[in-house]
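Remarks on the structure that follows.
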Amino acid sequence: MCRRITDSTPRMNRNDMLIVDGKIIEPAVLQSYFACNLNACKGACCWEGEYGAPLDESELHVLEHIYPSIEPYLDPDGIAVIKEKGLFEYFKGMKAYGTPLLKNGACAFLTYTKEGTALCGIESAWRDQAVDFRKPISCHLYPIRVEHDRKTNFTILRYDEWDSCQAACAKGAKDKIPLYQFAKEALIRAYGESFYAELEAMARYINK
């Protein structure tokens, strides 16, 4: 578990509800330190896990539109899987569409540096300005995961804690970077500036 921001404020329970702009925020999103350390994990979140990266339905059409520009950035194995399975597949376990996976569990859009660090082929194309779509919002937000409660119609933001990110917890604590600040750009991309301002104000209040 990542170190909490302050020991003077008790860590809230996962069942405690914080509501920002109509969205439920798990307290750990605001009370934990986090900063990716790719030198340590090598981008393990791109090849570990049971499912592909969750995709919003609007992103399915985006991938179809930009794929010709992305393909040159992908590894041959990834291209082969995409040709076999398509640009996305439905995962019953997470009840959503996600990126297709290689047999070893890696995302089909995954590539590697010479040092063995995982890179997103979509993001590589974006950095070269070949496309204007950076990567799926679920990847950009990670380790924040977004859930939608169909019964209540609430959007829930949770912190997905796992062992592969321990180095990120340590780096975040060392550099004093809260998780919500680490994910600032992605949160603004997903929900806008006003949402992030409210989230930041809530974090200051519960961490004072």
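Listed residues Thr113, Thr99; which is farther than 16 Å from Glu59 by Cα, out of contact with any Lys or Arg (no Cβ under 8 Å at 6 or more places or on another chain) and of a type in the set (Val, Ile, Thr)?
Exactly one of Thr113, Thr99 is farther than 16 Å from Glu59 by Cα, out of contact with any Lys or Arg (no Cβ under 8 Å at 6 or more places or on another chain) and of a type in the set (Val, Ile, Thr), namely Thr113.
Check Val146 against each of (1) crowded, with 18+ Cβ neighbours inside 10 Å; (2) under 17 Å from the mean Cα position of the chain (by Cα); (3) farther than 21 Å from Lys42 by Cβ and name the one condition it does not meet.
Val146 satisfies all of (1) crowded, with 18+ Cβ neighbours inside 10 Å; (2) under 17 Å from the mean Cα position of the chain (by Cα); (3) farther than 21 Å from Lys42 by Cβ except (1).
Would you check which residues across region 75-104 are aliphatic (A, V, I, L, M) and either modelled with pLDDT under 95 or not in a helix (DSSP H, G or I) (or both) and list them?
The answer is Leu87, Met94, Ala96, Leu101, Leu102.
Would you mind stating whether Tyr196 is within 17 Å of Ala44 (Cα to Cα) and among the aromatic types (Phe, Trp, Tyr)?
Spelling it out, it is not the case that Tyr196 is within 17 Å of Ala44 (Cα to Cα) and among the aromatic types (Phe, Trp, Tyr).
Within region 115-132, can one find any residue that is among the basic types (Lys, Arg), surrounded by fewer than 16 Cβ atoms within 10 Å (Cβ to Cβ) and not in a loop (DSSP other than H, G, I, E, B)?
yes
So, of the residues in region 105-114 that are hydroxyl-bearing (Ser, Thr, Tyr) and not in a loop (DSSP other than H, G, I, E, B), which turns out to be surrounded by the most Cβ atoms within 10 Å (Cβ to Cβ)?
Per the stated criteria, the residue is Thr111.
Farther than 25 Å from Phe182 by Cβ, out of contact with any strand residue (DSSP E or B) (no Cβ under 7 Å at 6 or more places or on another chain) and of a type in the set (Phe, Trp, Tyr): is that true of Tyr97 in this structure?
So Tyr97 fails the test.
Considering only region 38-74, state which residues are more than 24 Å from Tyr191 (Cα to Cα) and either modelled with pLDDT under 95 or basic (Lys, Arg) (or both).
Leu38, Asn39, Ala40, Cys41, Lys42, Gly43, Ala44, Trp47, Glu48, Gly49, Glu50, Tyr51
Against the condition outside any loop (DSSP other than H, G, I, E, B), surrounded by 18 or more Cβ atoms within 10 Å (Cβ to Cβ) and free of Cβ contacts under 8 Å to residues at least 40 places away in the same chain, how does Ile66 come out, does it pass?
No, not satisfied.
Taking only region 151-185 into account, find how many residues are assigned to a helix (DSSP H, G or I), without any contact (Cβ under 8 Å) to a residue 60 or more places away in the chain and acidic (Asp, Glu).
Qualifying residue count, region 151-185: 2.
For region 150-196, enumerate the residues that are of a type in the set (Gly, Ala, Ser) and surrounded by 13 or more Cβ atoms within 10 Å (Cβ to Cβ).
Within region 150-196, Ser164, Ala167, Ala168, Ala170, Gly172, Ala173, Ala183, Ala186, Ala190 qualify.
The values are calculated or read from the model by the stated rules, or taken from the named source; none is laboratory data. In this text, all values refer to a predicted model and were calculated from it rather than measured experimentally. Positions of Cβ are generated from backbone atoms using ideal geometry, with glycine treated the same way; all protein chains shown enter the neighbour counts.
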